[in-house]
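Below you'll find the structure, written out as structure tokens, and then a few comments.
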Amino acid sequence: MFLKMTAGLSGPLFNLAPGDQHEFDTDEAERLKAAGFAVDAEPAVPAPAKTKKGKATDVVSSESDGSGVDGAGQS
């Protein structure tokens with residue numbers, strides 16, 4: 001069961017602060033809710049992936065022959 005913590009709780013497997021969400025087995029979740037340490041929470045839903053819109057632009061200049069900084073072929 002997914003809970004949202006209303007108080008801090010730490011143990012050997014986790015360290016939770018108020019507002020953190022964590023999944024507990026049903027018995028432990030009911031005990032934490034009864035004690036006032038947590039409330040039911042919706043599972044965290046990952047944000048939808050951002051997609052690029054539009055055409056990618058050409059980042060290579062067509063004005064340079066690629067022969068160096070001053071065009072003299074020096075590196």
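All of the numbers you see were taken from the coordinates with simple rules; none came from a lab. Please read these numbers as outputs of a predicted model, since none were measured by experiment. Methodologically, a virtual Cβ is constructed for each residue, glycine included, from the backbone with ideal geometry; neighbour enumeration extends over all protein chains shown.
Points to keep in mind about this one:
- Taken together, the residues in region 3-22 that are loosely packed, with under 12 Cβ neighbours inside 10 Å, within 19 Å of the chain's Cα centre (by Cα) and of a type outside the set (Gly, Ala, Ser) amount to 2.
- Output for region 13-42, where each listed residue is among the aliphatic types (A, V, I, L, M) and without any contact (Cβ under 8 Å) to a residue 24 or more places away in the chain: Leu13, Leu16, Ala17, Ala34, Ala35
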